[in-house]
Structure formats: structure tokens, C-alpha cells
1. Between copies, how close do the A:GLU326 label points come, placed 7 Å along Cα→Cβ, listed in nm from shortest?
2. For labels at B:VAL329 and B:SER18 in the simple 7 Å Cα→Cβ model, what's the distance in nm?
3. Compute the label-point distances linking A:ALA242 to its equivalents in the other copies; points lie 7 Å from Cα along Cα→Cβ; give nm, one decimal, shortest first.
4. I'd like the mean, over residues of A:284-293, of how many other protein chain beta carbons sit within 10 Å of each residue's own Cβ.
5. Suppose R0 equals 35 Å; then what is the FRET efficiency for B:ASP158 and B:ASP91 from their Cβ-Cβ distance, rounded to the nearest 0.05?
6. If you take every residue apart from B:ILE196 with its C-beta less than 10 Å away from the C-beta of B:ILE196, what net charge results, scoring Lys and Arg +1 and Asp and Glu -1?
7. For the residue pair B:LYS319 and A:MET270, what label-to-label distance in nm results when each label sits 7 Å from Cα along the Cα-to-beta-carbon direction?
8. Is the C-alpha gyration tensor of the stretch B:210-344 telling us rounded, prolate or oblate? Criteria: a/c under 1.5 is rounded; beyond that, a/b larger than b/c is prolate, otherwise oblate.
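None of the figures in this text is laboratory data; all of them are computed from the coordinates on show. Quantities reported herein were computed from a predicted structural model and do not represent experimental measurements. Every residue, glycine as well, gets a Cβ built from its backbone with ideal geometry; the counts of neighbours run over all protein chains shown.
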There are 2 protein chains.
Amino acid sequence: MRFEAITIKDIATALGLSTSTVSRALRDSHEISVETKKLVRAYAEEHNYRPNPIALSLKEKRSRSIGVVVCEIANSFFSQIINGIESIAYDRGYNVIISQSHESYKREVIDLNYLASRSIDGLLISVSMETTNFDHLKSLHNKGLPIVFFDRVVDEIDTHKVIIDNSTGAYNATVHLIENGFKRIANINISEHSFIAQGRLSGYKKALQDHNVPIDEKLIRYCEHGGQDYAELEREMDALFAQKKKPDAVFAGSDTMTMGILRYFKSRKMRIPEDIALVGFSNSENADLLQPALTVIKQPAFEMGKKATELLLKVIEAKRPDKDFENFVLPAELVVRESSERKK
Amino acid sequence: MRFEAITIKDIATALGLSTSTVSRALRDSHEISVETKKLVRAYAEEHNYRPNPIALSLKEKRSRSIGVVVCEIANSFFSQIINGIESIAYDRGYNVIISQSHESYKREVIDLNYLASRSIDGLLISVSMETTNFDHLKSLHNKGLPIVFFDRVVDEIDTHKVIIDNSTGAYNATVHLIENGFKRIANINISEHSFIAQGRLSGYKKALQDHNVPIDEKLIRYCEHGGQDYAELEREMDALFAQKKKPDAVFAGSDTMTMGILRYFKSRKMRIPEDIALVGFSNSENADLLQPALTVIKQPAFEMGKKATELLLKVIEAKRPDKDFENFVLPAELVVRESSERKK
DNA sequence: TTGTAGGCGTTATCAT
DNA sequence: ATGATAACGCCTACAA
């Protein structure tokens, strides 16, 4: 409480004690008499004393706050993760400072500099789609900043990671499409270099192989900006449907892309699932209200946020650095709805 | 940069100067020789010196950060506002600390205590739906904390406010329904006591009056939890449709409620707009992809965030307290789609 | 032009 | 059991 905030010094003066005595009384030190403690506590209570966290940060070189970097909080998946992060952080007395990269590498670097300069005790990050150079993260990590990656992790940095089982998620979605009679299943994925895209692609391919459906590389496309840029998505979709042998189903690699593709189909008056089926990763709360109701692969976002935060706090509060890092994998769930209904 | 951070003292020692000289050189004081400045700057640059914001906060009693309290970041309206807030704040060198009340009064009080103790320089808040007692805000305001309200404002506190023209938004939506042939238009609104609900209700009523449509109080209902609680919404809807003279259109007072009502209709197999038309406040990016595509009243959320932040920074950085507060009103836009199509 | 000292709020260390 | 002092990193009034 910055405004007219009462300090230890104020209490000391008022009670005719020294600041150290007051400080100790407040922290219930055994070397302070019961009476003094009572006195100090009563006064502090009455005047609503709150220790100044800024001063504490300066002294303790820790801020009891953790930084979070995501691409976009307006994305359900990430806002659900943030809720998970908060649920743990607040319980443990940590503040959460949220930054958005908006999928920009440049912005991510700025965010990180900012957070680092605010003396965050640790960092939770899902890297931007544009990020291919990880020096900014390595540098912070080398300086000893505890980092836990979630969702979009960085392989080259050795620390805890919490990810989704992208491969199995993609596998199940693809199998579902195959079993419902779809044969030419396209995969529109996020940036090719990303860890996530790789996992999703591998699950997709494995499903095709396991069911003796030939893999056609022409049915696999990437959007560098992961659907944030609708024009890019449109370009890729146009290219996909310009082919002679057109797909009869599309498997989309991210929430934004799933919505974008749905928009694309509607604007082209393509009927779903009659003309084209659609399944995509999405954590939207309203996927069931869409036209058509969307079959999605849903990720345990809240759980992911919780787990990542627990791991981070473990590192932050560890007495000695632990070199034994977890790679925690959470399952994705296939929710079947109209957009992938059995082909007649 | 908490980790091995270089300080002014380090620079002073390395260069054989005093900390004050270094400090002044860094701030380009006129009383430092050009040479010394150059020397200090070069060294600082080379070692990537960054002033410690914690120390600055302690000294200056300001943190260059502003607190934001919203009910839910997962709500498009609020996440868009936050993007607006950030866009201004970062430009002006302010950090944004986001807290969610989850529509809980208790949580709002906790959030506020927390933010206040973190020495925020100012507060942007849209109060929770549960909040009817404003003492926690008054107290902070009286202590001199600059506050700007947005969207859900508190009348009794005299400061800048940025709101939507709820009345005109509701008026236009209602007129649109009337002109499309709907006669029994229900209004499901958020908490009756709220400023927002009042505005929306008055616009709705005025539209009916202006078009000689009788006002039927039985068609007006409230959800205390603003649609967050689906069971409550369901109860109100059930009551609404249990009446003899059923509505032929529903005008919904918030994003969550709009989606909830859509879900309600679908679960009851009611066709939209054939059986029942629907128009609602919503900032969802995907309202056009729903079944049916939804007619919405869209609010300039990003602009709202920007404007509120500009006003707040004006107060924060004002030399002398200004008693002349703005009540900035932004227009809402009606976006017509299928869910309110003309009645045959 | 540069240096010294004190203070922002707190706590740890070392007296008393 | 309590107090004085120094320190965290920075800035600034005052000295030199």
C-alpha cells in the first residue's frame, strides 16, 4: 500500500521501540518478549501494516513473482493455461506477470528483457511461432533463471518441460477420420520447424501408415504464422484445393487455424462434412455451437498451467540446483461432433 | 536482470569513479564531463547494464506498473481490452499486472490488496458482477491511488470512466429486431444492479416505446452471475419460456449469456431465427462461424483499453491533482447476421 | 567536475 | 530481550 503506507519505522517510533525489535516481533522471533510481540502485533493490525514487497525484493533479490510469456491471451488454450498457472501461484504466494509475444520474435525478446529486469524469480514460457533462435532464453537460463517450458518447448535447453502428447492426439484424430471413411486427409500445420508441428505430423503419418492409407506430401502444408495471418492460411488452402486430387478431410494443427479453415470453407460455400470434413486442435469453449459443431482435439490446458507452475516453483525454491528434469506429457482428448461425421 | 546483474557500484569500481558520478553520467547530467560520460556509457553498454527497477521503485515510491482487474481474461471482450491497455502502457514504459476476479467480490478484494501492496502506480478496473459494496475501492482512491474505471464503472467514485454507450447499443439491436418483424422481444440481462444492465435495459425499453411495442416486464430477466453460471441462465430461460405468451426474440446482455442462450436453444432444438431470434452483446471473433451466424452488438474493446490507459497515465503523471474527470463514451456497433433474419 | 552521505523499507549481524 | 548498524541499488542534496 504505497499511499500513506505505514512502515516498520512508524511502528517503532510510535511504540518507542527499535525497528529491529518491531521487525522481529512481526516475524514472531523467539527472542522477543511475549508482551512486546502482543503490543507490536496489535498496533500493526490496527494500522493495517503490510510489509513493503518492493523493499523485500530489493533485500532478498527475489520478487515472489513469476513471468509468463504466451503468444496471445485471447486464445482459449492459453487463457486456460494462465488460469491454471494462477491457481497454483496465488496459493503459494507468487504474483504472475503476463506478457504476450503476439507470435513475434522481437516482441518476445523485449518481453523477456522486461521480465528479467523486474527480477522475476522464474519464467514460464511457450515460445512464439517466429522464434527459431533461442539465445535470449539460453542466456537467461545460463544466468540461473529458473525456466519451465510448456506446450511450445525448446529442446536445446535443459529444464522441465510440460507438453501435450501431440503425436497421439493427431494419431487419434486421423484414425477417427479414416474410420469414418475419409481417404484423402490433408494436414494443415503450424510452422514446420516447431516441435509441436513435428509431433502432430508424426501422429498423422503413423495413423495413415497403420491403416494403409498412402501418405501424400501434397496434402501436408504449413503456415509459418500458425493461422494468425488469415491471408497466409488462405494461400495455403487455395494451393491445397487447386490440386487435381482434392482432399476430402482436413486435420488442422491449431485453434486459430481450425477457425480460419472453417471460415475458409464457409466463404467458399463448401459443406462440412459433406464436401469436406474438418477436425482440428482447439480449446474453444464454443466449438459445439459452431456450424457445424466441430470435432476437436482438446488439450488439458488448465492442468498444463498447474503442472508447469508446480515444476517451476520446485526449481525456484530448491535449496540446490537439481539436474534431473521432468518432461511431463499430458494427453489430448478427441471430442467427436458433426464436422467429421461418417461419409455416406 | 537479477542474475549476476551489474550495478552502478560495479561500474564505479571498475572505472575508479564514484557511484554518483556513474549515476549522473548514465542520466546524461550536464555536470559530468563528456569524456567521463563516454567512458561510463561505453562500459555500461558493453556490460549490458540495466538499472534495477526494484531499487528505483523503492526510491521513487512508484513502480512504473499499473494494475488491471477484470473478471476473466478468457473473455474476448476483456482480452481485447487488455491488448489495448498493453499497447499504450508498453509505449509509455509501464508494466501491466493483470488480475482476474472471476466475478467474485472476495477475489476482487484480494486482488486489490495484492496490487496495492505491489506499489502499482495506478489501477484500471472493471468491477466484478458480485460487487455491490465499493469500500475497498473508495479506500484506495481516498489514499490517492489513481483509478480509471472501464466498462463496469462505479458511479459513486469520482474519477475518469470509459464506458460503452450501452443504451444506444441496446436501442439499435432492439429496433433492428422490431424492424425485422419481431414483436415479443425478451431481454436477458446481467445483474440488475449493474450500471451496464441499466443502460442496456433503458435502450431496450426506449426502442419498444418509440415503435409502440408494449413493454412486458415478464419478458425482462436478470442473471446475477451474468451467464457464467449456466444453471442460473437455464433457470431464467426456462421461466421465460414457461409463460403463455412466449417471446419470439431474445436480446442478450453479455457475451457469456449470448453463448449460453444459443446453447440453450440448441439443446431444446429450437430453430434460430425461425422459432426464436437472437441478438446479443458479444466480442467473439467467431460469431460469424456459429450456427446460426450471430447478430451481435460489438464493442470497441481495444479502443476502450487504450483510452482508459491514456486517462490513467494522465492522472499518474499529472503534476497536480486534476478534479476534472472525463466520462468517455464509446459507441457499440450492430453487426447483422442470420440469427435475427426477417420474420417471414 | 566529481565525491560523500543519507535514505527509500526491510532484515541479518553484531552488539548491549 | 532489545538496539544499532550495515546492506540491497539507486538517486540527489550538499561538499569539495
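1. Distances to the matching label points in the other copies: 4.8 nm.
2. 6.0
3. 6.0
4. On the way: counts 3, 4, 9, 1, 5, 13, 4, 7, 1, 2.
Mean shielding by partner chains, rounded to a whole number: 5.
5. Numbers: r = 28 Å, r/R0 = 0.79.
That pair, B:ASP158 with B:ASP91, gives E of 0.80.
6. Details: positive: B:ARG152, B:ARG200; negative: B:ASP151.
The answer is +1.
7. A separation of 6.3 nm, rounded to one decimal place.
8. On the way: a/c = 2.31, a/b = 2.08, b/c = 1.11.
Prolate.
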